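The values are calculated or read from the model by the stated rules, or taken from the named source; none is laboratory data. Just so we're clear, the structure is a prediction, and the values are computed from it rather than from any experiment. As a convention, Cβ positions derive from the backbone with ideal geometry for all residues, glycine included, and neighbour counts pool all protein chains shown. The area values use the complete protein model at the heavy-atom level, side chains included, leaving out ligands, DNA and RNA. Shrake-Rupley method; radii C 1.70, N 1.55, O 1.52, S 1.80 Å.
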Amino acid sequence: MESKKKMLFIFNPFSGKAQIKSKLFEIIDVFVKGGYEVIVHPTQAVGDGFEKTKELAPQVDLVVCSGGDGTLDEVVSGLMEVDERVPIGYIPAGSTNDFANSLSISKDMVQAAKDIIEGNLYSCDVGAFNNDSFVYIAAFGLFTDVSYETDQHMKNILGHLAYLLEGSKRIWNVPMYWIKVEANGETFEGEYIYGMVTNAKSVGGFKNLPGQDVRLDDGLFEVTLIKRPKNPLELNEIIASLLMQEDHTDLIDSFKTDRIIIESNQEISWTLDGEYGGDHGYVCIEARKHAMELVLNNK
């Protein structure tokens, strides 16, 4: 008798509105009918998904994770530390799921499970951030320094940005950072209130915010750096440029690159995929081209 394929299924039981609880049996049933022996692991604490992936990924043929972008980040970071290239399937269950939206992964959890069983491998880029990894966004500034204990739907950085742009007065006293940027053979510096390096077609639920023609497998990341507006007119210019997805302002620097170094004379708090990524005065971000094998069913 041939030995069954093994799958590690890691899920965050509290992600989104915890709707996975009502779908769990159906999802596991889909995997078993698809020929897998399934090791099921509900995450127990922050960092648990990362540790469990590192421990068990070398023993399985496929890792599937379900949760929000933070859960995905943990599992992918764990996989990056393992030598074997184990494919990964993703069942989104968070409240925003920018990455899943970028790849048109089904929002129906049982359908997403079926798509993993029927899908094909897609090689996708992963971000290297100093000694860390991220899946689709590394960001600093604006609301990225608020408490990371906020509830799931508040975690969305650009949800915060939208809230900020709704005329919140905080824009005039948000922290700004003097940074020096090296990318594409150029160096420049200035005062910025927000920066993000992304590999996604939507950020914070805003389609095209990172720009047009985004591909998740081209070895290039999109960089968006927002300067500090000096008056309401400049603020409007920034908002209009972000919402219209047109770069008609000198207040936003946006470009593509496979490697960027950001230095500052102070420690800056970063978020990686919406989770706290530490305080850094020096950051080197690189695109690891095709570092991750995703299972997608893009009919």
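Tabulated data
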quantity	calculated
Any chance V75 is under 19 Å from the mean Cα position of the chain (by Cα), outside any strand (DSSP E or B) and either at pLDDT 95 or above or within 16 Å of K114 (Cβ to Cβ) (or both)	yes
Of all residues making up the stretch 34-45, the number that are surrounded by fewer than 16 Cβ atoms within 10 Å (Cβ to Cβ) and touching a residue at least 12 places away in the same chain (Cβ under 8 Å)	4
Qualifying position, being at pLDDT 90 or above, open to solvent by less than 40 Å² (accessible area, probe 1.4 Å) and out of contact with any Leu (no Cβ under 8 Å at 6 or more places or on another chain), among A128, A138	A128
Residue ID - modelled with the lowest pLDDT, chosen from residues in the stretch 100-125 that are open to solvent by less than 60 Å² (accessible area, probe 1.4 Å), more than 30 Å from L235 (Cβ to Cβ) and part of a helix (DSSP H, G or I)	A100
Matching option when the condition is open to solvent by 40 Å² or more (accessible area, probe 1.4 Å), under 17 Å from Q111 (Cβ atoms) and either of a type in the set (K, R) or within 24 Å of the chain's Cα centre (by Cα) (or both), among K6, K23, K52, K17	K23
Residues (touching a His at 6+ places or on another chain (Cβ under 8 Å) and under 21 Å from L296 (Cα atoms)) located in the stretch 50-95	S95
Among residues of the stretch 219-230, those that are part of a loop (DSSP other than H, G, I, E, B), open to solvent by 50 Å² or more (accessible area, probe 1.4 Å) and under 15 Å from E191 (Cα atoms), counted	2
Subset tally (residues that are among the polar types (S, T, N, Q), in contact with a helix residue (DSSP H, G or I) (Cβ under 7 Å, 6 or more places away or on another chain) and under 29 Å from E286 (Cβ atoms)) for the stretch 97-133	2
Residue in the stretch 194-210 that is at pLDDT below 90, closer than 30 Å to A57 by Cα and of a type outside the set (G, A, S) present	yes
Selection status of Y90, over 30 Å from V181 (Cα atoms), open to solvent by 10 Å² or more (accessible area, probe 1.4 Å) and not in a helix (DSSP H, G or I)	no
Selection status of I28, at pLDDT 95 or above, surrounded by fewer than 23 Cβ atoms within 10 Å (Cβ to Cβ), farther than 23 Å from S133 by Cα and touching a Leu at 6+ places or on another chain (Cβ under 7 Å)	no
Boolean, L62 is open to solvent by less than 20 Å² (accessible area, probe 1.4 Å), touching a residue at least 12 places away in the same chain (Cβ under 8 Å) and more than 16 Å from Q111 (Cβ to Cβ)	yes
Candidate set from the stretch 252-290 (those that are buried (at least 18 other Cβ atoms within 10 Å of the Cβ) and aliphatic (A, V, I, L, M)); member that is farthest from G141 (Cα to Cα)	A287
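To keep it simple, each residue is scored yes or no on (1) at pLDDT below 85; (2) within 21 Å of E182 (Cα to Cα); (3) not acidic (D, E).
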{"residue": "R215", "(1), (2), (3)": "no, no, yes"}
{"residue": "L225", "(1), (2), (3)": "no, yes, yes"}
{"residue": "H248", "(1), (2), (3)": "yes, no, yes"}
{"residue": "E263", "(1), (2), (3)": "no, yes, no"}
{"residue": "E267", "(1), (2), (3)": "no, yes, no"}
{"residue": "G274", "(1), (2), (3)": "yes, no, yes"}
{"residue": "Y282", "(1), (2), (3)": "no, yes, yes"}
{"residue": "K289", "(1), (2), (3)": "no, yes, yes"}
{"residue": "M292", "(1), (2), (3)": "no, no, yes"}
